[in-house]
Structures are given as C-alpha cells and as structure tokens.
Amino acid sequence: MRSIVLLLTALLLSQRLYCWGFFAHEKINAYAIYLLPPEMLIFYKPAAQYLKTHATDPDKRRYVLKNEGPRHFIDLDQYGNYPFTELPRSWEAAVEKYGEDSLLQHGILPWRVQELLNRLTGAFKNRNQGAILRLSADLGHYIGDAHVPLHTSSNHNGQKTNQHGIHGFWESRLPELLADKEWDFYLEKARYMSQPAEMIWKIILESAAAVDSVLGQEAALSNSFSSDQKYAFEWRNQALIRQYSTQFSQRYNALLGGMVERRMRQSVQAVADYWYTAWINAGQPDLRKIRAASAADSMLYTLDTLSFYWRNQPVKGKSCD
Ligand SMILES: [Zn+2]
C-alpha cells in the first residue's frame, strides 16, 4: 500500500502545476493546527502534512469541476455600496431575491464556508476520519480566500483598472517573499464562535473594505516606478520568470501597513476557530479513537484523491487568479 502511494505521489508531483497562491494556503492550514486544544491536536498534528498538501485542493478542482469556481469569491460590488445591505446574508433569502444562477455568477464564498462548517460538524459526529480531514483542509482554503480583499471584488485581478497581476501579487508574491523571514504567526488559542455565520460575513466585509487600498496603493506606487524597476526576472522552479521586483514588493507592503501579514494571521486564527467550533458543536468526540480505528480509511482516501488528480490534470499554463 505504501509503495503504491509513493508511486502515485511521485507521478503526481511530476505533473503538478504549482500556483503561487499555494504557498499561503498551505501555511495557513499548517499554522492553524497549533492553535487547537490538546484533544484536537492529537488528531490534527499527525495529519499536518495532509492538511498542508490538501489546502489547495479546492483551487485544483476549479479546473475540473464546473461548480467549483464560484465558491472562491463573492463580487460584493455587484450589490450596491459598502456594507452591501442589499444582499441578504442568509442563502435562502438571497436566492429568493436574486435567484441561484445570479448568485453563482457573482460568487458564493461566504455560504460555502457555512456549508463546510456544517459538513465538518457532521463528519465529527459520524467519527469519519477521512471526511474530517478532507473537510478541514477544504474549509481552511475557503476561509483563507475570504480574507483576501480581491476575492470580494469584481475587479479581482485589476483587469478593470489596468493593474493586471495584482491578485497574485498581493496573495502570493508578498507572502512568499516575506512570510517566512519577517512575519510572525503567534496567535491565540482557537476560540469557540457562537455565531459562525456572522463571523464569515464580518471577515468578508473587512476584505471588501480593504479593496480600495489594495488597488489604490499599487496604482500610486506604480507611478513612481519605471517598468523595469517594477518588474524583475527571477529564477523560479528552474524557469526564469518575470515578476514584481523585490523592491517594488517591499514598498507596496510598507504602504499597505502590514495588511497582508495581518490578513494571513487572521486567516490562521479563523481556520482554527472554525475547526474548533465544528468539534465543539459535534459534542467534542474523542478523536483518539477515530485516529486508531480508521488509519486504513485515510490511506484509501489519499489514494482516491491522488488518482482523481492523476486522471484530471489541471490545465497547464493557467494562472491561479
Ligand atoms: Zn481559492
């Protein structure tokens, strides 16, 4: 069994397309584990590699599942002005007002988070190890997305303001450049949320409130940089690629006043809070028993996931924004 997994992993790694946003998603899931109480840590810590590796599954699914795309964003600017009170916060009321097709067109991220929280709670209740891990990894991904300002705007990659590439710049380039060297992730222990639906809307609205700064500061800074100062060619995964220069990136980060670090920290905290809340709401099942009973299930699930991606390769050259 082990050699089959290793073989499949090797095959998969040789084919996989690494998007830059993967770095932050993996870190967020991995760091969230350490905020959990000991009763959860005993289950989550041995699964750290899984939760990290699968933090990006939802993004990979976008290339093979038609319904996946709208789960990663919500274009709040389609619903009037901040704080977008036109848009009902409950799914049922929003469907009644706009219809499901329209909601899907403009993104359903906050509702996706709530759906996965419910499903994760169910997985804990059923003591289903494979489902707990898979749903925890997925939930971590969507919560991470909810903290990214440009995931709440229809101008998601600066395409309306001639700032193409800003999406990956904010959520990939800056964390890759700075997270390990300069940012810290010392956070509070996971907290129980009595109103998780309100919490995701709070997160989404904070992101929406930051969109103007994200775009405005980049535009202002670009005016004081020539094109060859703004971009640089750097080696990455044995390829020479053009990206935002280190100098431009650091100046932008300073202009944002630590926003990217703050949102990443808040993502880690929120992921732990949501995992913890699901476990509490499921009646705090004893996770030691789950771990011992279903190691084989987890192996089979890993095999299944690997073969799924092996059969459905992401489209090469597609960007992750
Ligand atoms: Zn995503």
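The values are calculated or read from the model by the stated rules, or taken from the named source; none is laboratory data. Quick caveat, the model's predicted, so the values are computed rather than measured. Cβ atoms come from the backbone with ideal geometry, glycine included; neighbour counts cover every protein chain shown.
Only one residue in LYS52, LYS66, LYS60 is within 16 Å of the ligand (Cβ to nearest atom) and part of a loop (DSSP other than H, G, I, E, B), so which one is that? If you could, list the steps in order and put the result at the bottom.
Working: LYS52 fails: part of a loop (DSSP other than H, G, I, E, B); LYS60 fails: part of a loop (DSSP other than H, G, I, E, B).
That would be LYS66, the only listed residue that is within 16 Å of the ligand (Cβ to nearest atom) and part of a loop (DSSP other than H, G, I, E, B).
With respect to GLN163, is the statement that it is closer than 17 Å to GLN114 by Cα, among the polar types (S, T, N, Q) and out of contact with any Pro (no Cβ under 7 Å at 6 or more places or on another chain) true?
Working: closer than 17 Å to GLN114 by Cα: no; among the polar types (S, T, N, Q): yes; out of contact with any Pro (no Cβ under 7 Å at 6 or more places or on another chain): yes.
So GLN163 does not fit the description; no.
Listed by first and then second residue, the pairs with beta-carbon distance under 6 Å, at least 6 apart or on different chains, first residue in the range 208-236 and polar (S, T, N, Q), second loosely packed, with under 15 Cβ neighbours inside 10 Å and part of a helix (DSSP H, G or I), are GLN217/LEU255.
Please pick out the residue among GLY140, GLY144, GLY168 that is at pLDDT below 95 and within 13 Å of the ligand (Cβ to nearest atom). Let's see the steps before the verdict.
Working: GLY140 fails: at pLDDT below 95; GLY144 fails: at pLDDT below 95.
Testing whether each residue is at pLDDT below 95 and within 13 Å of the ligand (Cβ to nearest atom) leaves just GLY168.
Quickly run through the range 242-268 and pick out the residues that are surrounded by 15 or more Cβ atoms within 10 Å (Cβ to Cβ) and in a strand (DSSP E or B). GLN243, TYR244, listed by residue number. Scanning the range 76-96 for residues being surrounded by 17 or more Cβ atoms within 10 Å (Cβ to Cβ) and outside any helix (DSSP H, G or I) gives a total of 2. Contact annotation: residue pairs with Cβ atoms under 6 Å, 6 or more positions apart or on different chains, pairing a residue in the range 135-154 that is within 18 Å of SER213 (Cα to Cα) and assigned to a helix (DSSP H, G or I) with a partner that is among the charged types (D, E, K, R) and within 11 Å of the ligand (Cβ to nearest atom), are HIS151/ASP145.
Within the range 195-213, identify whether any single residue is part of a loop (DSSP other than H, G, I, E, B), closer than 30 Å to GLY80 by Cβ and not hydroxyl-bearing (Ser, Thr, Tyr), and answer yes or no. Yes, the conditions are met somewhere in the range 195-213.
Does ARG173 meet the test of being in contact with a strand residue (DSSP E or B) (Cβ under 7 Å, 6 or more places away or on another chain) and either closer than 19 Å to GLN266 by Cβ or away from the ligand (no atom under 16 Å from the Cβ) (or both)? If you could, list the steps in order and put the result at the bottom.
Details: in contact with a strand residue (DSSP E or B) (Cβ under 7 Å, 6 or more places away or on another chain): yes; either closer than 19 Å to GLN266 by Cβ or away from the ligand (no atom under 16 Å from the Cβ) (or both): yes.
Yes, satisfied.
Given the options ILE108, ILE74, name the one that is of a type in the set (Val, Ile, Thr), touching a Lys or Arg at 6+ places or on another chain (Cβ under 8 Å) and within 15 Å of the ligand (Cβ to nearest atom).
Values: ILE74 fails: touching a Lys or Arg at 6+ places or on another chain (Cβ under 8 Å).
Going through ILE108, ILE74 in turn, the sole match is ILE108.
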